[in-house]
Amino acid sequence: MKQQHMLSHGLILGVFCLGFGALLAVTDMLTAKDISARALEDRLNSLSQVIPTTLHDNNLVKDAIVMKNEHGKEITVYRATKEGQITGLAYEIFGSGYGGEIKLMLGIDATGKILGVRALAHKETPGLGDKIDAKKGDWILRFSGLSLGNPPVEKWKVKKDGGQFDQFAGATITPRGVVGAIKKGLEFYAANKEQMIDFGAPKASAKEEH
Ligand SMILES: Cc1cc2nc3c(=O)[nH]c(=O)nc-3n(C[C@H](O)[C@H](O)[C@H](O)COP(=O)(O)O)c2cc1C
């Protein structure tokens, strides 16, 4: 009798687990599409902030390629064209901040001039380091129009280190990390220009496009 009881309890539990597992799988399937659509929307939104939409008539995501950055990390390079001519490029760059890695999107024109930079993700302290966020201040907007020679390479530092860029009151680590990341991002283009604008290069995989 006791054994029968245990068996039926076990069966009920098994059916319950199966049902719950199936429910989870169905929910996952239903939300996965939504999540990837939202990620693509986010990506397009950040791209439009660093490459003006007036500058291209192509689909930046479709014309993207995957490259390895100076640390061997795979990055997607989005390429803007107008009437078949390269007008801009956008790619992720990474800096070291107070709270860890700072991920940014850098947009440049074909001559290497900055069209825009935006912080995509960071763990900097609210009120101190988070002024790199365009929603919190205009500091990040001041890079537009600059390039490796403007200012000269040795001035691509915060003022405290002898450069031309303002640090924040009581927070030098974050802006130092961002200025360094942008400078490295510009150097990456200078070193890999041919490959970045070459349309024979392999396209980004469907996975990276999302
Ligand atoms: C709780 C706490 C949070 C901080 N957050 C940041 C931050 O997000 N970014 C930053 O640059 N500095 C931050 N600082 C300040 C740094 O420790 C450092 O003092 C400051 O960046 C000045 O750097 P410097 O000595 O190289 O000029 C924080 C300090 C404390 C105590």
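Taken together, the values in this text are just the output of simple stated rules run on the coordinates, not laboratory data. Every value quoted in this text rests on a predicted model; they were computed, and no experiment measured them. In this analysis, Cβ positions are derived from the backbone assuming ideal geometry, glycine residues included, and neighbour counts consider all displayed protein chains.
HN-Hα J couplings of the range 98-104 from phi, Karplus 6.51/-1.76/1.60, θ = phi - 60°, integer Hz, Gly and Pro as x?
Along the range 98-104, the couplings run 6, x, x, 5, 10, 9, 10 Hz.
Once the principal axes of the Cα atoms of the range 53-209 are found, what is the range along each, listed largest first in whole angstroms?
47, 32, 30
Sorting check: for 101-107, 52-58, which peptide has the highest mean count of neighbouring beta carbons within 10 Å, and how do the rest follow? List each step's numbers first, then the result.
Numbers: 101-107: 21.1, 52-58: 13.7.
Most protected by this proxy first, the peptides run 101-107, 52-58.
Using Cα pairs closer than 8 Å and at least 6 residues apart in sequence, work out the relative contact order for the range 53-209, in percent. Could you put the intermediate results ahead of the total?
Working: 290 pairs, mean separation 33.7, N = 157.
Relative contact order for the range 53-209 comes out at 21 percent.
So what J values fall out for the range 22-29 if you push phi through Karplus, 6.51 cos²θ - 1.76 cosθ + 1.60 with θ = phi - 60°, rounded to Hz, Gly and Pro as x?
5, 4, 4, 4, 5, 4, 4, 4
In terms of modelled amide H atoms, which long-range or inter-chain residues lie less than 5 Å from the amide H of Gln164?
Correct list: Lys157.
Name the long-range amide H neighbours of Ser96: under 5 Å, sequence gap of 5 or more, or other chain; modelled H, no Pro or chain starts.
Ile102
Might you report the magnitude of the Cβ-based charge dipole of the range 1-73 about its Cα centre, with Lys and Arg at +1 and Asp and Glu at -1, to the nearest 20 debye? Walk me through the intermediate numbers first.
On the way: 7 positive and 7 negative charges, 71 e Å.
For the range 1-73, the charge dipole is close to 340 debye.
Of the options Gly149, Thr125, Gly88, report the single residue whose Cα projects farthest towards the positive end of the charge dipole of the range 53-209 (beta-carbon charges: Lys, Arg +1; Asp, Glu -1).
Thr125
What Kirkwood radius, in Å to one decimal, follows from the Cα pairs of the range 26-75?
13.2 Å is the Kirkwood radius here.
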